Amino acid sequence: MGFYSNLVIPYCIDFAMSGSTLESYRQNLLENVSGEILEIGFGTGLNLPHYPENVDKITTIDPNPGMKRLARSRIAQSQITVDYKVLNGESLPMPDASFDSVVCTWTLCSIPLVNQAISEVHRLLKPGGYFFFIEHGLSPDVQIQVWQNRLTPVQKILADGCHLNRKISDLIAQQFNNVNIEQFYAPKLPKVIGYMYQGTAIK
Ligand SMILES: C[S@@+](CC[C@H](N)C(=O)[O-])C[C@H]1O[C@@H](n2cnc3c(N)ncnc32)[C@H](O)[C@@H]1O
């Protein structure tokens, strides 16, 4: 991992992913998370304050050690014990059916082998377990799609592999039969990056 990804990107991501609009989505998504919890693409730990009060431990993975460094103070301030593993989401060492809930926020855009990562989410969930997600992705508006396709090569370079044009609903439906999803533009965000897919998928 290079200097930019390891030392610059974590500060940029932490800044870009903070703020009240995304906080309200985090709060709303995480209010029903329970049991043994895995979060993939934990980043700098911005979801931590939004887990329900009765959550006392979570397992998290993220491949970027720079994110882990920046997450330290947030973890130290939290009541939740965080088992933070520096790993890629595409290949995880935990046994099948280890978790009741898997959480993923604005990360499926950045995982290179995204189908493989969602397949890992499915494998790691217990039967009846829930995948909680909020992601940005492909807009239904053709004119916005044109710009999402044009800008994705630049976005991937600037934002550490982030794609603007992934159709998240299709990616999740390829692995899960039972998906409940809301799609909407987040107010105040440019449409190329602000089309959200929020929901749950049940194993
Ligand atoms: C835009 S950030 C979102 C961080 C965090 N989930 C949040 O909501 O603030 C995308 C995250 O995906 C992580 N990521 C990139 N490639 C990944 C992979 N192969 N597996 C898991 N996470 C990955 C990045 O390191 C980064 O922390």
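Nothing in this text is a laboratory measurement; each read-out follows from the coordinates by a stated rule. As the structure is a computational prediction, the values presented were derived from the model and not from experiment. Here the Cβ is made from the backbone with ideal geometry for all residues, glycine too, and neighbour counts use every protein chain on show.
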Next item on the list: Compute the distance in nm between two label points, each set 7 Å from the Cα along the Cα-to-Cβ direction, one at Ser169 and one at Arg123.
Entry: 2.9 nm
Check: Pairs Lys57/Lys188; Lys68/Lys203; Lys167/Lys203; Lys126/Lys156; Lys57/Lys156: which are spaced more than 31 Å apart, C-alpha to C-alpha?
Finding: Lys57/Lys188; Lys126/Lys156; Lys57/Lys156
Notebook entry, point to check: So what is the relative contact order for the chain, in percent, with contacts set as C-alpha pairs under 8 Å and at least six apart?
Noted result: 18 percent
Item checked: 3J(HN,Hα) from dihedral phi, the range 128-140, Karplus parametrisation 6.51/-1.76/1.60, rounded to Hz, x for glycine, proline -> x, x, 10, 9, 9, 9, 9, 9, 9, x, 4, 6, x
Next item on the list: Would you pull out the residues with amide H under 5 Å of Glu39's amide H, same chain only if 5 or more places away, H placed 1.01 Å from N?
Entry: Thr59, Thr60, Ile61, Val103
Checklist line | Phi to ³J(HN,Hα) by Karplus 6.51 cos²θ - 1.76 cosθ + 1.60 over the range 40-54, Hz, x for Gly, Pro | finding: 9, x, 4, x, 9, x, 5, 7, 3, x, 9, 6, x, 4, 7
Notebook entry, point to check: Dividing the Cα radius of gyration by the Kirkwood radius, what Rg/Rh value follows for the chain?
Noted result: 0.93
Margin query: Counting only helical runs of four or more DSSP H residues, what would the 222 nm mean residue ellipticity of the chain come to if each run contributes -39,500 (n - 2.57) and the total is spread over all its residues?
Written below: -10000 deg cm²/dmol
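How much of the DSSP beta bridge set in the chain is antiparallel, as a percent to the nearest 5? Don't skip to the answer; put the middle values down first.
Working: 15 of 33 bridges.
Within the chain, antiparallel bridges account for around 45 percent of the total.
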Check: What ranking do Phe131, Phe3 get, fewest neighbouring Cβ atoms within 10 angstrom at the top?
Finding: Phe3, Phe131
Note to self: Just to check I understand the Karplus step: with θ = phi - 60° and J = 6.51 cos²θ - 1.76 cosθ + 1.60, what whole-Hz values come out for the range 82-91, glycine and proline as x?
What the structure shows: 10, 9, 9, 10, 7, 8, 7, x, 6, 8
